[in-house]
1. Which one of 162, 154, 205 is within 18 Å of the chain's Cα centre (by Cα) and farther than 28 Å from residue 253 by Cβ?
2. Which number in (1) closer than 19 Å to residue 208 by Cα; (2) part of a helix (DSSP H, G or I); (3) free of Cβ contacts under 8 Å to residues at least 24 places away in the same chain marks the one condition that residue 12 misses?
3. What's the number of the only condition in (1) without any contact (Cβ under 8 Å) to a residue 12 or more places away in the chain; (2) closer than 23 Å to residue 6 by Cα; (3) touching a helix residue (DSSP H, G or I) at 6+ places or on another chain (Cβ under 9 Å) that residue 257 fails to meet?
4. Restrict the check to region 246-255 and report whether at least one residue is surrounded by 16 or more Cβ atoms within 10 Å (Cβ to Cβ), under 30 Å from residue 50 (Cβ atoms), at pLDDT below 95 and within 17 Å of the chain's Cα centre (by Cα).
5. Condition first: in contact with a strand residue (DSSP E or B) (Cβ under 8 Å, 6 or more places away or on another chain), part of a helix (DSSP H, G or I), modelled with pLDDT of 95 or more and under 18 Å from residue 170 (Cα atoms). Can you find one or more residues in region 202-211 that meet it?
6. Which of the residues belonging to region 52-85 are surrounded by 13 or more Cβ atoms within 10 Å (Cβ to Cβ) and farther than 24 Å from residue 255 by Cβ?
7. What number goes with the only condition from (1) more than 21 Å from residue 207 (Cβ to Cβ); (2) out of contact with any helix residue (DSSP H, G or I) (no Cβ under 7 Å at 6 or more places or on another chain) that residue 82 does not pass?
8. Could you list, in sequence order, all residues of region 220-233 that are in contact (Cβ under 8 Å) with a residue 12 or more places away in the chain, in contact with a helix residue (DSSP H, G or I) (Cβ under 9 Å, 6 or more places away or on another chain) and surrounded by fewer than 20 Cβ atoms within 10 Å (Cβ to Cβ)?
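The values are calculated or read from the model by the stated rules, or taken from the named source; none is laboratory data. Remember, it's a predicted structure, so these values are computed and weren't measured experimentally. Because the Cβ atoms are built from the backbone with ideal geometry, glycine has one as well, and the counts that use them run over all protein chains shown.
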């Protein structure tokens, strides 16, 4: 299984490079074992003002993924500049968790963090994130077909520059669901509403990236197959769609393409821009 997962990871990275997206892969270490290290977006996020955020993780074995040397390597290789680090991992001692851009879906332009509350997404930690990074919070509760809380917000929604994907039906309060749609529309997003079945097929788990030839919308082949032709055409209006087959990672790891990507919004170093 590990060999298959690595092959799927490498194929995604290669396809992103071919689409003109800069890729900086993070190498895992064999010891200690970190079976979910393929999903770095849960433990770190990178922001345009030079901030790096480290997050509190519910599963103890996932806390081993927080490796500052990986951040230093990515910053060095990408010629990025870090101004400060906001470390929220101390919240683990209070059993309060916020698993990065799995727990939150960020509209970075409007500075809005959408979050479905769950054991992995604590309201108090959300407020600390919002205070530290000057974000508005839009919170709600959502459930899956099994009646349990949706464990990560990026399972049910994604926000691009001018579009959003949302499983409104998963939001338990209908009025709250309509308010989320209204907020997205008010901030200039065309909302593509998906069904719970499409959500289960990772249709909400996609990410808009910057390619050298324009926006790239990255998602899995499972997710792409779940969209109807008319919905596909809508997505294609907003970027070049790049789908990659990751069945092993989806089945064993429970995450999609978006979860595999910790997008870097850090500013470039001044010496890099002059070279």
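1. On the way: 154 fails: farther than 28 Å from residue 253 by Cβ; 205 fails: farther than 28 Å from residue 253 by Cβ.
Going through 162, 154, 205 in turn, just one is within 18 Å of the chain's Cα centre (by Cα) and farther than 28 Å from residue 253 by Cβ: 162.
2. Condition not satisfied by residue 12: (3).
3. (1)
4. yes
5. For region 202-211, residues in contact with a strand residue (DSSP E or B) (Cβ under 8 Å, 6 or more places away or on another chain), part of a helix (DSSP H, G or I), modelled with pLDDT of 95 or more and under 18 Å from residue 170 (Cα atoms): absent.
6. 75, 79, 80, 81, 82, 85
7. Condition not satisfied by residue 82: (2).
8. Keep residues of region 220-233 that are in contact (Cβ under 8 Å) with a residue 12 or more places away in the chain, which gives 220-227, 231.
The next check asks that each one be in contact with a helix residue (DSSP H, G or I) (Cβ under 9 Å, 6 or more places away or on another chain); those that pass are 220-224, 226-227, 231.
Selection gives 221, 231.
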